[in-house]
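J.: Below is the structure I would like to discuss, written out as structure tokens.
The values are calculated or read from the model by the stated rules, or taken from the named source; none is laboratory data. Note that the coordinates shown come from a computational prediction; the quantities given were computed from them, not determined experimentally. Every residue, glycine among them, receives a Cβ derived from its backbone with ideal geometry; neighbour counts consider all protein chains shown. Only protein heavy atoms, including side chains, enter the accessible area calculation; ligands, DNA and RNA are left aside. Shrake-Rupley method; radii C 1.70, N 1.55, O 1.52, S 1.80 Å.
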Amino acid sequence: MKWYDEVEYIREQAMKNNEYFGSSLPMIASENVLSPLCKEMLLTDFHGRYAEGTPGNRYYEGCRFFDRVEEKAMELAKKLFRCRYADVRPTAGTTANMAVLKALIKPGEPAVVLDTANGAHISFGKWGAAGLRGIDLISFPFDDDQMNIDVDKAVKLIREVKPKLTLCGRSVFLFPSPLEEISEAAHDVGAYVVYDAAHVLGLIAGKRFQDPLREGADVMTGSTHKTLPGPQGGILLSDHTGNTDEDKRFLRRLGFGVFPGVTSSYHLHHVAAKAIAFAEHLEFGEEYAEQTIKNAKKLGQSLFERGFKVFGEKLGFTESHQILVEIGKGKGKEASKKLEEAGIITNMNMIPGDEDPLNPSGLRLGTQELTRIGMKENEMDYIAELFERVLQKKEKTSKIREIVNDMRKDFQEIHYCFKKGYRGYDYHKITN
Ligand SMILES: Cc1ncc(COP(=O)(O)O)c(C=O)c1O
């Protein structure tokens, strides 16, 4: 039984991690916590099963119950995003992006995308999926003051280079992209418009950010575990009707991009949890998105009033769940380490002008998880004070850690989801 010690070791680390995050202030903008009902799906028998293909059209038998779950997940996703096509199979946001690249562009063809220093995700960079697909990458012009794509220059660029696709959507995503103008230019030159909503998916679903599928995006991809507080996973959405032969081909290519393009089996327990997350978001998403954005604006304002350089000052700091703070040349990592000592979990981030991703000058902060555990504007103001005490007044981090521990004791419950006991819901019925 000598390997059981290893098992105990692993379990202990997992339990310590639960305690660690349960007593800290989690502020990484791409993370969230699962509702009890979503979690339950992760422990079901779906976990061990395979389903390749689409409901009713499988390579394996035994999918009768899963088929219903996947159909329901697609139906709920279409309702949530007000669209006609939903593919819930991608196992991550990156996988959804890869599927789109596989479907809509060939090696050597040009795409207009954002640079990572201006907030793009690596899947659209030369080191990521776009590079893997061998795409000729052309950068969107960026306006540092507006923290956004420079729309006039972007439209001119698209008309000049006539790309195969344009890609909006970002990892640092403070303000909506000028999608209508970009879409018009892109469609005029026969380019597809792809919108990567990984970060802002839950805000879009909550009708509190832009509405990409109404603003011209042909496809929207996303992660299902950031502002959309579901299980780790991805999604691909479109409002194309499939009514014409060309449109049918377009949707078929998207589906083929997902499978067999970039998935085999696709984590059925996660699909089940996605379906529950969609239902919970249909019920609570608008309220959640609104409070998340209010909290981010308040955090930006409070940090600014305490002397921090917060981006987007003239525009109300943010329209999303994120805040970007400039810490000092190459000082982002040191700041995030200090904050973690104090129990505040953040990440260093590149800001416009940075060139070294390992030594960036900023911090990216997100309010989506703090909101999910019930925090509101007063707590944001207090957290800004803790930032000041750690990073400016240089108070002992052990002292702030104690304050954070105490603060978290009042915020242990997950909000904006169906609660245990609701209409007789009993966790153990399914998992035992
Ligand atoms: C804009 C954007 N796209 C895609 C991704 C990748 O998502 P995932 O981690 O689900 O693969 C991220 C991750 O943070 C992101 O910020």
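The rows are residues; the columns are (1) hydrophobic (A, V, I, L, M, F, W, C); (2) more than 28 Å from residue 261 (Cβ to Cβ).
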site: 11; (1), (2): no, yes
site: 24; (1), (2): no, yes
site: 30; (1), (2): no, no
site: 43; (1), (2): yes, yes
site: 55; (1), (2): no, no
site: 61; (1), (2): no, no
site: 67; (1), (2): no, no
site: 74; (1), (2): yes, no
site: 104; (1), (2): yes, no
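J.: Hey, another quick one. Name every residue in the stretch 178-210 that is in a loop (DSSP other than H, G, I, E, B) and either away from the ligand (no atom under 15 Å from the Cβ) or farther than 21 Å from residue 80 by Cα (or both), in order of residue number. Steps first, please.
T.: Going through the stretch 178-210, the residues in a loop (DSSP other than H, G, I, E, B) turn out to be 178, 189-191, 197-200, 206-210.
Scanning the stretch 178-210 gives 178, 189, 190, 191, 206, 207, 208.
J.: Residues 64, 82: which one is surrounded by fewer than 19 Cβ atoms within 10 Å (Cβ to Cβ) and touching a residue at least 40 places away in the same chain (Cβ under 8 Å)?
T.: Numbers: 64 fails: touching a residue at least 40 places away in the same chain (Cβ under 8 Å).
Just a single option satisfies the conditions, and that option is 82.
J.: Determine the pairs where a residue that is at pLDDT 95 or above, located within the stretch 1-30, has a partner that is open to solvent by 90 Å² or more (accessible area, probe 1.4 Å) with Cβ atoms under 7 Å apart, the partner being 6 or more residues away or on another chain.
T.: Short answer, once both residue conditions are applied: 22/412.
J.: Right, another one. In the stretch 211-244, how many are under 18 Å from the mean Cα position of the chain (by Cα), more than 16 Å from the ligand (Cβ to nearest atom) and open to solvent by less than 30 Å² (accessible area, probe 1.4 Å)?
T.: Initial filter on the stretch 211-244 (under 18 Å from the mean Cα position of the chain (by Cα)): 211-213, 217, 219-238.
Filter once more, keeping what is more than 16 Å from the ligand (Cβ to nearest atom): 211, 213, 238.
Subsequent filtering for residues that are open to solvent by less than 30 Å² (accessible area, probe 1.4 Å) retains 213, 238.
Count: 2.
J.: Go through (1) touching a residue at least 60 places away in the same chain (Cβ under 8 Å); (2) of a type in the set (A, V, I, L, M); (3) over 30 Å from residue 298 (Cβ atoms); (4) open to solvent by less than 10 Å² (accessible area, probe 1.4 Å) for residue 185 and report which single condition fails.
T.: Among (1) touching a residue at least 60 places away in the same chain (Cβ under 8 Å); (2) of a type in the set (A, V, I, L, M); (3) over 30 Å from residue 298 (Cβ atoms); (4) open to solvent by less than 10 Å² (accessible area, probe 1.4 Å), residue 185 violates only (1).
J.: Same structure again: If you take the residues of the stretch 282-308 that are touching an Asp or Glu at 6+ places or on another chain (Cβ under 7 Å) and of a type in the set (Lys, Arg), which of them is farthest from residue 388 (Cα to Cα)?
T.: 294
J.: Tell me yes or no: at least one residue of the stretch 20-30 is away from the ligand (no atom under 16 Å from the Cβ) and open to solvent by 40 Å² or more (accessible area, probe 1.4 Å). So that I can check it myself, show each step before the final result.
T.: So in the stretch 20-30, the residues away from the ligand (no atom under 16 Å from the Cβ) come out as 20-25.
From what is left, the residues that are open to solvent by 40 Å² or more (accessible area, probe 1.4 Å) are 20-21.
Within the stretch 20-30 (the criterion being away from the ligand (no atom under 16 Å from the Cβ) and open to solvent by 40 Å² or more (accessible area, probe 1.4 Å)), the answer is yes, since at least one residue qualifies.
J.: Okay, moving on. Yes or no: the stretch 13-31 includes at least one residue that is over 29 Å from residue 279 (Cβ atoms) and of a type in the set (D, E, K, R).
T.: Yes: one or more hits.
J.: Sticking with this structure for a sec: Here is a check on your reading of the model: is residue 155 away from the ligand (no atom under 16 Å from the Cβ), open to solvent by less than 40 Å² (accessible area, probe 1.4 Å) and assigned to a helix (DSSP H, G or I)? Spell out how you get there, then give the answer.
T.: Numbers: away from the ligand (no atom under 16 Å from the Cβ): yes; open to solvent by less than 40 Å² (accessible area, probe 1.4 Å): yes; assigned to a helix (DSSP H, G or I): yes.
Criteria met by residue 155.
J.: When only residues in the stretch 118-143 that are under 21 Å from residue 324 (Cα atoms) and open to solvent by 20 Å² or more (accessible area, probe 1.4 Å) count, which is nearest to the ligand (Cβ to nearest atom)?
T.: Filtering the stretch 118-143 for residues that are under 21 Å from residue 324 (Cα atoms) and open to solvent by 20 Å² or more (accessible area, probe 1.4 Å), the one nearest to the ligand (Cβ to nearest atom) comes out as 121.
J.: Sort out which residues of the stretch 372-390 are over 23 Å from the mean Cα position of the chain (by Cα) and farther than 22 Å from residue 336 by Cα, and write them in order of number.
T.: Result: 378, single match.
Every residue, every condition in (1) aliphatic (A, V, I, L, M); (2) loosely packed, with under 14 Cβ neighbours inside 10 Å, yes or no:
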| position | (1), (2) |
| --- | --- |
| 48 | no, yes |
| 51 | yes, no |
| 69 | yes, no |
| 74 | yes, no |
| 90 | no, no |
| 98 | yes, no |
| 104 | yes, no |
| 114 | yes, no |
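J.: Yes or no: the stretch 91-98 includes at least one residue that is closer than 30 Å to residue 56 by Cα and assigned to a loop (DSSP other than H, G, I, E, B). Walk me through how you get there before you give the answer.
T.: Taking the stretch 91-98 as the starting set, the residues that turn out to be closer than 30 Å to residue 56 by Cα are 91-98.
If we keep only those that are assigned to a loop (DSSP other than H, G, I, E, B) too, we end up with 91-92.
Yes, the stretch 91-98 has at least one match.
J.: Something else about it: If you go through the stretch 99-119, how many residues are under 17 Å from residue 234 (Cβ atoms) and not in a helix (DSSP H, G or I)? Steps first, answer last, please.
T.: At the first step, the residues of the stretch 99-119 found to be under 17 Å from residue 234 (Cβ atoms) are 99-104.
Then drop every residue that is not not in a helix (DSSP H, G or I), which leaves none.
Of the residues in the stretch 99-119, 0 are under 17 Å from residue 234 (Cβ atoms) and not in a helix (DSSP H, G or I).
J.: Next question, about the same structure. Is it the case, given these coordinates, that residue 247 is more than 16 Å from the ligand (Cβ to nearest atom) and assigned to a helix (DSSP H, G or I)?
T.: Values: more than 16 Å from the ligand (Cβ to nearest atom): yes; assigned to a helix (DSSP H, G or I): yes.
Here the answer is yes, as residue 247 does meet what is asked.
J.: Still on this structure, I have one more. Identify, from the list 248, 294, the residue that is surrounded by fewer than 24 Cβ atoms within 10 Å (Cβ to Cβ) and under 20 Å from the mean Cα position of the chain (by Cα). Can you show your working first?
T.: Values: 248 fails: under 20 Å from the mean Cα position of the chain (by Cα).
Testing whether each residue is surrounded by fewer than 24 Cβ atoms within 10 Å (Cβ to Cβ) and under 20 Å from the mean Cα position of the chain (by Cα) leaves just 294.
J.: For the stretch 308-367, give me every one of the strands (runs of 3 or more DSSP E) that falls completely inside it and has 3 or more residues that are crowded, with 16+ Cβ neighbours inside 10 Å and more than 18 Å from the chain's Cα centre (by Cα). Can you show your working first?
T.: Numbers: elements: 322-326, 347-349, 362-366.
Answer list for the stretch 308-367: none.
J.: Among the residues of the stretch 61-83, is there at least one that is within 16 Å of the ligand (Cβ to nearest atom) and of a type in the set (A, V, I, L, M)? Please lay out each step first, then the result.
T.: Start the filter on the stretch 61-83 by keeping residues that are within 16 Å of the ligand (Cβ to nearest atom), which leaves 77.
Checking the rest, the ones that are also of a type in the set (A, V, I, L, M) come to 77.
Yes - at least one qualifying residue is present in the stretch 61-83.
J.: For residue 170, which of the numbered conditions (1) part of a loop (DSSP other than H, G, I, E, B); (2) away from the ligand (no atom under 16 Å from the Cβ); (3) closer than 29 Å to residue 107 by Cβ fails to hold?
T.: (2)
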